[in-house]
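Since the structure comes first, as structure tokens, the remarks are kept for the end.
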Amino acid sequence: MSQKKITYLSRSLSKDEEIKSIAELHWINWVWVVIFTILTFWMIITIPFIIIKILDLKKREMICTTKRVIEKHGIIAVKTNELRNQKIESVSVEQGLFGRMLGYGTLKFVGSGASRLYMRNISNPAMMKIEFENIIDETHTA
């Protein structure tokens with residue numbers, strides 16, 4: 001399991017639920033912050049954007065537990081998306097050209113009905129897909 005500290009989501013787990021895996025954002029997310037800063041450094045309006053974007057990236061959490069797949073984002077208004085492992089029908093990886101070259105992409109979880117959950121711009125999405133599928137399969141066979 002990754003060493004990333006999960007705070008918000010770990011406090012929301014049920015009594016017999018434990019985190020089995022944690023997805024992490026790829027470093028490419030920070031490139032946009034740096035580019036935007038360099039191009040608009042002289043503009044005062046940039047500073048709040050940079051602070052908000054940095055806080056948003058630092059506070060984003062994506063985990064797979066023994067019961068659920070959960071994605072949380074937001075600073076002031078927090079939004080969580082979750083799917084119960086028993087309801088997940090498929091997990092797929094979406095990667096563009098740069099994602100393939102730099103090792104980042106999106107995991108797409110499709111649940112029963114029209115439910116979907118996306119973990120965008122995570123590192124090593126193919127590896128995380130296998131890891132998450134193994135955890136989900138344990139749930140389906142239990």
Checklist outcome for this item: How many residues of segment 86-125 are loosely packed, with under 13 Cβ neighbours inside 10 Å and either touching a Cys at 6+ places or on another chain (Cβ under 9 Å) or under 23 Å from residue 66 (Cβ atoms) (or both)? The answer is 6
Checklist entry - Can you name the residue in segment 75-85 that is in contact (Cβ under 8 Å) with a residue 12 or more places away in the chain and among the aliphatic types (A, V, I, L, M) and, of all such residues, is surrounded by the fewest Cβ atoms within 10 Å (Cβ to Cβ)? => result 78
Checklist entry - Given 53, 72, 58, which one is assigned to a strand (DSSP E or B) and either out of contact with any Pro (no Cβ under 8 Å at 6 or more places or on another chain) or touching a residue at least 12 places away in the same chain (Cβ under 8 Å) (or both)? => result 72
Item to check | Residue that is farthest from residue 116 (Cα to Cα), among those in segment 62-74 that are surrounded by fewer than 20 Cβ atoms within 10 Å (Cβ to Cβ) and under 10 Å from the mean Cα position of the chain (by Cα) | outcome: 73
Checklist entry - Of all residues in segment 101-142, which are among the β-branched types (Val, Ile, Thr) and either free of Cβ contacts under 8 Å to residues at least 60 places away in the same chain or part of a helix (DSSP H, G or I) (or both)? => result 106, 110, 130, 135, 136, 139, 141
Checklist entry - Can you tell me which of 98, 41 is aromatic (Phe, Trp, Tyr), modelled with pLDDT of 95 or more and not in a strand (DSSP E or B)? => result 98
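The values are calculated or read from the model by the stated rules, or taken from the named source; none is laboratory data. None of the values given here were measured: they were computed from a predicted structure. FYI the Cβ positions are ideal-geometry reconstructions off the backbone, even for glycines, and counts take in every protein chain you see.
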